[in-house]
Each structure stands twice: as C-alpha cells, then as structure tokens.
Amino acid sequence: MSTPASYRGIALVTPVSLGYSKTSEHSASWYIGSVLREMIAAAGIAKNDVDGLAISSFSLAPDSVSFLTQHYDMTLRWLEQLPFGGASGILAMRRAARAVQHGDADIVACIGGDTAGQGSFRDLVADFSSFSNSASYPYGSGGPNTAFALITRHYMDTTGATREDFGRLAVSQRYNAQHFKGALLGDKPLSMQDYLAARSICTPLHLFDCVMPCAGGEGFLLMSEERARALDLPFVTILAADERHNAFPDDPMQLRGGWPLFVEQLYADAGVTTDDIDLVQTYDDYPVISMLQLEGLGFCEEGKGPDYVRATDLRFDGVGLPHNTSGGQLSNGQAGAAAGYLGLVESLRQLTGTALSNQVPGAQHAMVSGYGMINYDRGLCSAATILARGTD
Amino acid sequence: MATTFSTGLPNATELMLQCCSKCQQVNYPPRELCGHCLADDLQWQRVDNTGVVQSVAQLHYSLEPAYADHLPWTVGSIKLNCGPVVLAHLQPDIICGATVKLKLVQDQAANRMLVATGDDSASEKSAPTWLEAINFKEILA
C-alpha cells in the first residue's frame with residue numbers, strides 16, 4: 001500500500017474559536033462567516049485573498065458550501081464540504097493541504113461551525129442516518145449515549161477500567177478549561193467526587209461522561225509556508241497525517257478505531273516518537289473514546305488506557321502529558337462539526353505560543369486525533385496528525 | 001423502500017433478516033444491496049435467532065417522550081450466531097456474556113423491533129410483558 005506524500009511547505013495559521021453558547025439565535029452560516037472574518041483579520045489579508053473554502057456543519061442545510069460563496073460574496077476556485085463530524089478538521093486539513101501543494105488554491109479557509117436551538121439535537125440524531133434510523137434510534141432513543149454506553153461497558157469489562165479512570169480524563173480537562181477563556185463549563189469546577197456522584201444518563205455513562213450539545217465555530221487558514229512567512233504570521237507545519245474509515249469491521253464491539261492501522265507510519269513520516277509529543281488532543285465525545293485514542297496512538301498498549309491515565313498527569317501544566325489542553329468537548333461543549341476542529345485549532349494556539357493562560361510552555365509537537373460518525377454502533381472515521389511549531 | 005422493519009417484512013414473530021441469495025451473507029441493519037458482494041438479491045429469511053450479549057446499557061434518559069414513563073430502559077448489543085451484531089430491547093435481568101434468543105415484536109401499527117430474551121422457555125414466554133407499556137408507533141413515527 002502506498003503512503004501519504006509529505007505535507008512539506010504547508011502552513012496552518014490564525015486559529016479561531018468563537019461563539020460557544022448552549023443555544024443560539026444565529027444560523028450556521030453566521031458561525032462560519034464569523035470565523036472567516038476573524039481569521040482574515042488575524043492574517044491581515046483581504047477577503048479576496050482567500051480562494052478556497054472547506055466547510056463542515058451539521059446545521060447548515062438547506063444551504064451548502066456552494067451557497068456560502070454568495071452569502072459571503074466571494075469568488076473561489078476550490079470548495080469542499082466534509083461530512084465527517086469529529087474527524088472534520090483533520091480531513092479538511094489533509095485535503096486543503098493537497099490543494100495548496102498542487103496549485104488548486106493559495107489560501108484555504110477551513111471552518112467547522114454549527115448552531116444549536118431547542119430540540120435541534122433531538123432532530124439531528126432522530127434522523128442521522130438510515131442505519132441509525134432503523135436499527136439504533138428506535139431502541140430507547142438515547143442518541144449517541146446508547147452506542148457509547150455499550151462501548152464503555154464493553155471496554156470496562158475487557159480492560160478493567162473503572163468509573164474513576166474515565167473521571168481522571170473529565171476532571172483534568174475541567175481543570176484545563178478553567179484556564180481557557182471561552183470554555184462553556186470553564187467556570188464550574190469538577191472534582192472526582194462530583195464526577196462520581198453525577199446522575200445516571202445511560203449507564204455506565206453519567207452526566208460528566210456526556211458532552212453538552214452547543215453552538216460554536218472553529219477554524220484556521222491553510223497556505224504555503226512561504227506565504228505565512230511573507231505575512232509574518234506564526235505558523236504550524238504538518239509532519240504527518242492519515243485517516244481510516246470503517247476499520248476493523250469484524251470486531252463485534254468497538255475496542256479500537258482505525259489508528260493502529262497507520263500509527264507506525266505516522267510516527268515514521270513525522271520523524272518523531274511519542275517521547276517528542278508535548279501535548280495530545282483526543283476527540284472526547286465520551287471519555288472511553290479518548291482511551292481508545294491514547295492506546296491507538298501509541299501512548300500506551302491496547303487495553304492499557306486505564307493504567308496510563310492512573311499514572312499520567314494530564315493537566316496542561318502538569319508533569320505528564322498535557323491532554324485536551326482547552327478542556328475538550330467535555331468542558332467546552334460539542335458544537336456540532338466544529339467539535340471536529342476543536343483539538344486541531346487548540347493545538348495551533350499551543351504551537352504558535354498564543355494560548356494565553358493555558359499555554360504549555362515551549363510546546364514543539366502536538367498529536368491531534370479525530371473520530372466521528374456514529375452510523376449505527378460505532379464511530380466510522382479515525383484520523384490523526386502530528387503537528388510542529390513552524391521554525392522562524 | 002423495503003429496507004426497514006416497519007415495511008419490509010412479512011408478518012412474523014420469528015427472527016427474519018436479509019440474506020443474500022448470491023453469497024449467503026446475512027445483512028443487518030436493513031439495506032438494499034448485500035454489504036458483502038453488493039448483489040441486488042436480498043431476501044427476508046428466517047435465520048438462527050440465537051446470539052451472545054456483548055454489552056448492556058440502561059437508559060435513564062430518552063429523547064423520545066414515549067419512553068419517559070418507562071425508564072430506566074435496557075438495551076443490549078448482541079452478536080448473532082448467524083453473523084450480524086444487533087442492538088435490541090433486552091430483558092432487563094440479562095447480563096453480558098449470556099446467550100439470548102431474538103424475536104421480532106410488533107405494535108398495533110405493525111412496526112417491528114428486535115427483542116432479546118433469555119434462552120430458557122420461561123423467559124421466552126414472559127418476555128413481551130415488559131414491552132407492552134411502550135407505544136412503539138410513537139417512537140417509529
């Protein structure tokens with residue numbers, strides 16, 4: 001099998017996260033356009049310098065990325081709309097990087113944005129996919145909680161993970177969120193005692209295992225390293241990236257995503273090891289999935305996630321491995337497809353040294369992972385990238 | 001569309017799933033082409049209705065009002081001996097690793113859903129009572 005070509009020469013700049021709120025009167029196009037405006041301002045470029053747009057949103061319909069060109073009065077030469085949920089950011093980055101490397105675009109705006117209203121989450125999950133509609137949703141109508149409760153129970157039975165182990169992720173992320181302005185739950189401290197005492201949602205899941213659906217937008221600009229230097233923008237480079245879809249379909253229950261299928265090549269392409277990674281961002285729609293990512297990305301052996309989180313300080317200012325340094329979705333809320341950008345955008349802040357009070361000092365390398373699309377009983381998309389601080 | 005339980009099945013309580021006439025693959029969730037060989041030759045057929053419970057979840061919260069008065073509600077993930085993994089309404093006292101039997105239940109609107117019960121005859125006989133309360137029509141509307 002061939003392997004991904006180098007992402008040499010590509011720069012990621014101007015991370016923007018905005019507008020997190022539990023519900024919103026605005027449309028998805030407001031979130032996407034607001035992120036675009038802020039990125040253009042941060043880059044010091046004109047709107048017409050952007051010639052490519054990659055969009056992910058669950059709440060944009062009946063509009064699409066094509067229609068957005070008219071909303072924002074832009075003439076573009078490259079468009080993508082990526083329906084990959086929690087893997088959207090990394091997948092948009094991979095595709096946009098190739099477009100810029102090969103001259104199909106010069107500056108691509110990669111944006112995830114979603115609105116949220118009363119009942120909109122129910123409407124989304126009640127008609128999410130044909131498999132879900134016929135074979136998942138009717139069974140208790142719990143939405144994604146049901147699939148992840150089943151995955152979590154199976155993981156606990158298989159690995160010996162306890163509720164405290166998942167709590168370690170949730171509690172350390174809340175600590176990180178308390179140092180990140182804009183985190184929806186950042187002003188609410190969470191102790192292990194609080195975590196364990198929370199009400200049942202879909203056992204073994206309790207309240208603090210579940211993300212809060214919300215509105216919000218995330219994005220970054222992707223351009224050549226040369227252009228980023230000319231604009232005098234702090235930037236991040238892509239050392240390696242890959243993705244898999246519907247990996248290990250014969251596993252009766254999901255105990256691994258697609259990461260083991262490419263992780264060795266990922267580190268080889270990047271020329272680094274886990275020891276070189278200064279921070280990791282996992283897609284934390286539920287803590288069990290972060291466990292699968294820590295295992296699948298080589299930070300510990302398969303099934304050893306519980307031991308790893310017992311032994312590792314996951315806070316941004318700890319002595320271990322800073323994990324979900326802005327609080328992840330568990331503390332920021334899940335802003336639809338923007339959630340698939342959250343870890344990537346936060347890593348850009350960290351690696352450009354613009355992360356304010358939750359900055360990981362001297363961060364050089366970040367591992368970012370994406371996971372998404374629960375069609376029936378498991379997440380189908382797995383993606384990961386290793387990023388590096390751009391050199392001056 | 002012949003791909004949902006509510007419209008695609010003859011009236012039956014035995015477990016029937018889509019079997020491919022070309023490659024014999026048993027397909028679930030329902031679809032229009034065989035997931036294995038992509039042939040357009042799926043037939044609803046009676047299949048081995050036994051399976052092993054892989055995981056159990058108990059819902060304390062549901063997005064559908066129809067469940068509100070019946071929480072907590074138990075569902076399970078079951079690996080069928082005929083191949084697929086199915087999500088099913090699960091008899092509440094059944095634990096992971098147990099062997100169960102699957103059948104289809106039907107509400108007054110002829111919506112059918114999978115139900116897993118213990119493989120002893122007492123469980124099989126008594127099982128539907130814990131389902132009677134639910135208005136499946138509302139859930140599948």
For this session: Could you pull out every one of the aspartates and glutamates with an alpha carbon less than 19 Å from that of residue B:101, ignoring same-chain neighbours closer than 8 positions?
Result: B:14, B:48, B:93, B:119, B:120, B:124, B:132
Problem set entry | Computed label-point distance, nm, for sites residue A:66 and residue A:101 using a 7 Å Cα→Cβ extension | 2.8 nm
Exercise. On the first, second and third principal axes, largest extent first, how far apart are the outermost C-alpha atoms of region A:198-320 in Å?
Worked result: 54, 35, 34
For this session: Provide the gained length on full extension for the span residue A:391 to residue A:25, in nm with one decimal, where the gain is 0.36 nm per separating residue minus the Cα-Cα distance.
Result: 127.6 nm
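Based on DSSP H runs of at least 4 residues, each adding -39500 (n - 2.57), what is the mean residue ellipticity at 222 nm of the protein assembly as shown after dividing by all its residues, to the nearest 500 deg cm²/dmol? Intermediate values should be presented prior to the final figure.
On the way: 17 runs with 151 residues, N = 533.
Mean residue ellipticity, 222 nm, calculated: -8000 deg cm²/dmol.
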Exercise. Using every alpha carbon pair in region A:268-324, what percent of pairs falls into each 5 Å bin from 0 up to the bin containing the largest distance?
Worked result: 4, 19, 29, 29, 13, 5, 0
Exercise. Which value in nm describes the separation of the simple spin-label points at residue A:357 and residue A:275, placed 7 Å from the Cα toward the beta carbon?
Worked result: 3.6 nm
Problem set entry | Which of A:181, B:79 has the fewest Cβ neighbours within 10 Å, and the rest in rising order | A:181, B:79
For this session: Taking all pairs of distinct Cα atoms, average 1/r, flip it, and tell me the Kirkwood hydrodynamic radius of region A:306-392 in Å to one decimal place.
Result: 14.2 Å
Exercise. Can you give the relative contact order of chain A as a percent, counting alpha carbon pairs under 8 Å and 6+ residues apart?
Worked result: 27 percent
Problem set entry | Degrees between helix A:88-101 axis and first principal axis of chain A (Cα, 0 to 90, nearest 10) | 30 degrees
Seminar exercise, completed: For region B:7-96 the chymotrypsin sites (Phe, Trp or Tyr not before Pro) that pass both the DSSP coil test and the at-most-14 other-Cβ-within-10 Å test are none
Exercise. Roughly how many Å is it from the Cα centre of region A:261-313 to that of region A:3-77, as a whole number?
Worked result: 29 Å
Seminar exercise, completed: Per DSSP loop assignment and a cutoff of at most 15 other beta carbons within 10 Å, chain A keeps its longest run without exposed GluC sites (Glu not before Pro) at A:26-300
Exercise. For residue A:47, which aspartates and glutamates qualify as cross-link partners when the Cα separation must be under 14 Å and same-chain residues fewer than eight apart are set aside?
Worked result: A:38, A:73, A:106
Problem set entry | For the protein assembly as shown, Cys with no neighbouring Cys Cβ under 4.7 Å | A:110, A:202, A:210, A:214, A:300, A:381, B:19, B:82, B:96
For this session: Give a residue-ordered list of calculated ³J(HN,Hα) values for region A:204-212 (Karplus: 6.51 cos²θ - 1.76 cosθ + 1.60, θ = phi - 60°; whole Hz; x for Gly, Pro).
Result: x, 7, 10, 3, 7, 8, 10, 7, 8
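If R0 is 25 Å, what FRET efficiency do you get for residue A:302 and residue A:162 from their C-beta distance, rounded to 0.05?
Working: r = 18 Å, r/R0 = 0.72.
Plugging the Cβ-Cβ distance into 1/(1 + (r/R0)^6) gives 0.85.
Per residue Cα convex hull volume for the protein assembly as shown, in cubic angstrom? Provide the component values of the computation, followed by the final result.
On the way: hull volume 78.2 nm³, N = 533.
With only Cα atoms used, the protein assembly as shown gives 147 Å³ per residue.
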Problem set entry | Listed pairs A:304/B:79; A:22/A:181; A:181/A:304; B:22/B:103 exceeding 27 Å between Cα atoms | A:181/A:304
Exercise. What are the ³J(HN,Hα) values, in whole Hz, obtained from phi via the Karplus relation 6.51 cos²θ - 1.76 cosθ + 1.60 with θ = phi - 60°, for each residue of region A:237-244 in sequence order, with x given for Gly and Pro?
Worked result: 10, 9, 7, 6, 7, 7, 7, 9
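Laboratory data are not the source of any read-out in this text; all were calculated from the coordinates shown. Treat the numbers as computed from the prediction; the structure is a model and nothing was measured. Ideal geometry is used to build each Cβ from the backbone, glycine not excepted, and the neighbour counts take in all protein chains shown.
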